[in-house]
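Below: the structure, in structure tokens.
The values are calculated or read from the model by the stated rules, or taken from the named source; none is laboratory data. Predicted model only: the values in this text are computed from it and were never measured. As a convention, Cβ positions derive from the backbone with ideal geometry for all residues, glycine included, and neighbour counts pool all protein chains shown.
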Amino acid sequence: KAGVTQTPRYLIKTRGQQVTLSCSPISGHRSVSWYQQTPGQGLQFLFEYFSETQRNKGNFPGRFSGRQFSNSRSEMNVSTLELGDSALYLCASSLGDSEAFFGQGTRLTVV
Amino acid sequence: AQTVTQSQPEMSVQEAETVTLSCTYDTSESDYYLFWYKQPPSRQMILVIRQEAYKQQNATENRFSVNFQKAAKSFSLKISDSQLGDAAMYFCAYKRTTSGTYKYIFGTGTRLKVLA
């Protein structure tokens, strides 16, 4: 059974640009969550989607957005990139009320 | 709001020895899940062990076991017979059982070094 797949693995963007990250959950998992991991702030919850609906949102500015498609794949978008957005972005999928399974992350560097 | 605290930024253990990683949490809820995740240099978060708060019995997975003290809001991870492959960042995490959310709250992590 394939795990959670995140693409791309690495990205380098310039300040002011926008970026889209993709996450394909484990087959059958309908919940997808996104986390930002930085050395200073640790792992912070961005948002969670279930059956194409955003159920929860973390304390991030409106530049961070996401969506989920009917096949449960999810994308997150960051507009007007800032240097502080450089981080590892982790996606996790869940089946029901169980543990989350994480992807390998996308390393975003903003220069 | 719920919080998770890991007070040990870094720990070291000799190969084949036992080490305990600490985690405390704060919540006003009575039912929840607690997890330990491992993040090796590959960056992928791997579930080590989970504990349901309503269960009094401590969870065990092979060489990994927890000491869950609900009243003290403490959830420590014991790694027995440590192996070089155990070297990683370890994160303690909390999740409510209320349906409608799969949001995790993570601690700041403990870096475990295993010495040969």
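Given A:45, A:50, which one is closer than 27 Å to residue B:89 by Cβ and not aliphatic (A, V, I, L, M)?
Numbers: A:50 fails: closer than 27 Å to residue B:89 by Cβ.
Result: A:45 is the single residue among A:45, A:50 that is closer than 27 Å to residue B:89 by Cβ and not aliphatic (A, V, I, L, M).
Kindly indicate whether residue B:113 is under 27 Å from residue A:59 (Cβ atoms) and touching a residue at least 24 places away in the same chain (Cβ under 8 Å).
Details: under 27 Å from residue A:59 (Cβ atoms): no; touching a residue at least 24 places away in the same chain (Cβ under 8 Å): yes.
When the stated conditions are applied, residue B:113 does not pass them.
Taking residue A:9, is it at pLDDT 95 or above and at the interface with chain B (Cβ under 10 Å from one of its Cβ atoms)? Working first, answer last.
Details: at pLDDT 95 or above: yes; at the interface with chain B (Cβ under 10 Å from one of its Cβ atoms): yes.
So residue A:9 passes the test.
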inquiry  = I'd like the residue in segment A:93-108 that is more than 26 Å from residue A:11 (Cα to Cα) and within 7 Å of chain B (Cβ to nearest Cβ) and, out of all such residues, is modelled with the lowest pLDDT.
reply    = A:97
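If you go through segment A:1-16, how many residues are part of a loop (DSSP other than H, G, I, E, B), loosely packed, with under 14 Cβ neighbours inside 10 Å and of a type outside the set (Lys, Arg)?
From segment A:1-16, those part of a loop (DSSP other than H, G, I, E, B) are A:1-4, A:8-9, A:14-16; that's our starting set.
Narrowing further to those that are loosely packed, with under 14 Cβ neighbours inside 10 Å: A:1-2, A:8-9, A:14-16.
Checking which are of a type outside the set (Lys, Arg) leaves us with A:2, A:8, A:14, A:16.
Adding up the residues that qualify gives 4.
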task = Taking residue A:10 as the residue in question, decide whether it is of a type in the set (Ser, Thr, Tyr), out of contact with any Asp or Glu (no Cβ under 8 Å at 6 or more places or on another chain) and farther than 23 Å from residue B:35 by Cβ.
result = yes
query = Any idea which residue in segment A:71-92 is farthest from residue A:40 (Cα to Cα), counting only those that are within 11 Å of chain B (Cβ to nearest Cβ) and either touching a Pro at 6+ places or on another chain (Cβ under 6 Å) or of a type in the set (A, V, I, L, M) (or both)?
reply = A:92
query = Within the group B:19, B:13, which residue is under 14 Å from the mean Cα position of the chain (by Cα) and surrounded by 13 or more Cβ atoms within 10 Å (Cβ to Cβ)?
reply = B:19
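Here is a yes/no grid of residues against (1) modelled with pLDDT of 95 or more; (2) more than 14 Å from chain A (Cβ to nearest Cβ); (3) farther than 19 Å from residue A:101 by Cα; (4) touching a helix residue (DSSP H, G or I) at 6+ places or on another chain (Cβ under 9 Å):
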{"site": "B:10", "(1), (2), (3), (4)": "yes, no, yes, no"}
{"site": "B:15", "(1), (2), (3), (4)": "yes, yes, yes, yes"}
{"site": "B:30", "(1), (2), (3), (4)": "no, yes, yes, no"}
{"site": "B:48", "(1), (2), (3), (4)": "yes, no, no, no"}
{"site": "B:68", "(1), (2), (3), (4)": "yes, yes, yes, no"}
{"site": "B:82", "(1), (2), (3), (4)": "yes, yes, yes, no"}
{"site": "B:88", "(1), (2), (3), (4)": "yes, no, no, no"}
{"site": "B:96", "(1), (2), (3), (4)": "no, no, no, no"}
